[in-house]
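Here's the structure, in structure tokens; my notes come after.
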Amino acid sequence: MTRIVQYSENGDVDRLRIEEADTPRTGPGQVRVRVLYAGLNPVDWKILGGAFGAVDGTSGIGADFSGVVDEVGDGIEDFAPGDLVFGGLPHHAQAEHLLIEDPDERLDKVPAGLGIDTAAGLYIAGRTAIAGIRAIAPTEGETVYVSGASGGVGIIAAQIARDLGARVIGSASEANHALLRSLGIEPIAYGEGIEDRLREAAPEGIRAAYSTQDAAELDLLIDLGVPAGRIVSIGAGPGVVESHGVRTDGEAKARREDLRWLAQAIAYGHIHVPVARVFALDEVQEAYRHLQQAHPAGKVLLRVEAKPLTPEQRAAVIG
Ligand SMILES: NC(=O)c1ccc[n+]([C@@H]2O[C@H](COP(=O)([O-])OP(=O)(O)OC[C@H]3O[C@@H](n4cnc5c(N)ncnc54)[C@H](OP(=O)(O)O)[C@@H]3O)[C@@H](O)[C@H]2O)c1
């Protein structure tokens, strides 16, 4: 048997429950992953809440995961049982086992140097960050603003902009400022007075911006003189292309190779993606409330499985 986080009515996170089902078996061309960690994203609870339409029957939740391949179907050559992998399977990932029908599209091996926990938080946030940074293309010496720079997307986008040579100002709650400073990002508090603080922090002007917030933030950035064509918005909906003339390159614009690029950048120590907190699968509702309310820095994860030690592992520890 396997356990899956599911819901059958739109609403708050209290609609989530853990159900049991038969463990899926692989068919030709398929890979089964025993999930170790699953990553949470705001889009999960937006989908749960009905922002993208009513749930049709019963749905799983979550896209991001990492785990270990435990069964492969006929014809699979690139993956084998025991491989550590990570990737994304939208509406399914918070489960003990995942059946991956298109492993070449959805799975990558975890490179040496990338933690199996960190790997579980990259699929949506990482690909979104890269697509947006590609759209605004920061250059050496430019001042770039990243809002929500302590969040899952912002913390990656800000560090890529930094590594492209930009001076990066990032907004976050006060409690997350020390972390941003340690990553070479100049922190700034969001909320009332931000316009004055940004003018003071960048008297020479802001040349490009990665906006994770609402359309009011876009008004502010345009007032500050940031060229609309060099603002990317991932939080204000598609209408801002027409209303504000900004870019909205998000996850859908990511390229297949982006996730591998990010995995290597983390493994080699260029980019740091903090794991803010790990919850057990049974604590899924609490985990989403934490993401919504606690201002975590970096990613919130579920630890999906705690498998008993094998006899060999036990023997190695206690004889
Ligand atoms: N279009 C796409 O393809 C796409 C893909 C992924 C995400 N998104 C959207 O992008 C947004 C960010 O995603 P995420 O995963 O980074 O979320 P997250 O991990 O929850 O991070 C949210 C960030 O926003 C900051 N923040 C909270 N309230 C704020 C406010 N009033 N003003 C300015 N900043 C504020 C937080 O700062 P503190 O925690 O320090 O307070 C944190 O840095 C979400 O709306 C998400 O749905 C869109």
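The values are calculated or read from the model by the stated rules, or taken from the named source; none is laboratory data. Computed from a predicted structure; not experimentally measured. So basically every Cβ, Gly included, is an ideal-geometry build from the backbone, and we count neighbours across all protein chains shown.
Report whether or not Val278 is more than 9 Å from the ligand (Cβ to nearest atom), within 18 Å of the chain's Cα centre (by Cα) and modelled with pLDDT under 95.
Judged against the criteria, Val278 is not a match.
How many residues does the stretch 196-218 hold that are surrounded by fewer than 13 Cβ atoms within 10 Å (Cβ to Cβ) and either closer than 16 Å to Ala157 by Cα or not small (Gly, Ala, Ser) (or both)?
Matching residues across the stretch 196-218 total 4.
Hey, Thr128 hits all of (1) under 26 Å from Glu283 (Cα atoms); (2) in contact with an Asp or Glu (Cβ under 7 Å, 6 or more places away or on another chain) but one; which does it fall short on?
The failed condition is (1).
Would it be correct to say that Gly29 is in the same structural domain as Pro308 (by TED's automatic domain parsing), part of a loop (DSSP other than H, G, I, E, B) and either of a type in the set (D, E, K, R) or over 26 Å from Asp108 (Cα atoms) (or both)?
No; evaluated as a whole, the condition is false for this residue.
How many residues does the stretch 120-147 contain that are buried (at least 22 other Cβ atoms within 10 Å of the Cβ) and either within 16 Å of the ligand (Cβ to nearest atom) or free of Cβ contacts under 8 Å to residues at least 40 places away in the same chain (or both)?
Selection size over the stretch 120-147: 19.
Is it true that Ala80 is under 25 Å from Thr128 (Cα atoms) and hydrophobic (A, V, I, L, M, F, W, C)?
In short, no.
Can you say whether Leu183 is more than 19 Å from the chain's Cα centre (by Cα), within 14 Å of the ligand (Cβ to nearest atom) and crowded, with 16+ Cβ neighbours inside 10 Å, as far as the supplied structure shows?
no
Please name all residue pairs, on different chains or six or more residues apart, with Cβ atoms under 9 Å, provided the first residue is in the stretch 202-216 and is assigned by TED's automatic domain parsing to the domain that holds Val241 and the second residue is among the acidic types (Asp, Glu) and near the ligand (Cβ under 9 Å from one of its atoms).
Here the result reads Ala209/Glu217; Ser211/Glu217, each pair linking the stretch 202-216 to a residue that is among the acidic types (Asp, Glu) and near the ligand (Cβ under 9 Å from one of its atoms).
Would you please name the residue that is surrounded by the fewest Cβ atoms within 10 Å (Cβ to Cβ), looking only at residues in the stretch 154-180 that are of a type in the set (D, E, K, R) and in a helix (DSSP H, G or I)?
Glu174
When you go through (1) touching a Leu at 6+ places or on another chain (Cβ under 9 Å); (2) over 30 Å from Gln213 (Cβ atoms) one by one for Val13, which number turns out not to apply?
(2)
Rundown of residues vs (1) within 15 Å of the ligand (Cβ to nearest atom); (2) under 17 Å from the mean Cα position of the chain (by Cα), yes/no style:
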site	(1), (2)
Ser211	yes, yes
Gly237	yes, no
Val246	yes, no
Asp249	yes, yes
Asp258	yes, yes
Glu283	no, no
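Can you name the residue in the stretch 47-100 that is without any contact (Cβ under 8 Å) to a residue 24 or more places away in the chain and surrounded by fewer than 12 Cβ atoms within 10 Å (Cβ to Cβ) and, of all such residues, is nearest to Tyr288 (Cα to Cα)?
Ranking the candidates gives Ala51 first.
So which residues in the stretch 180-214 are in contact with a strand residue (DSSP E or B) (Cβ under 8 Å, 6 or more places away or on another chain) and of a type in the set (A, V, I, L, M, F, W, C), if there are any at all?
Leu180, Ile185, Ile188, Ala189, Ile194, Leu198, Ala201, Ala202, Ile206, Ala208, Ala209
Can you name the helices (runs of 4 or more DSSP H) wholly within the stretch 225-319 that have at least 2 residues being more than 28 Å from Leu48 (Cβ to Cβ)?
The helices (runs of 4 or more DSSP H) meeting that bar are 240-244, 258-267, 311-318.
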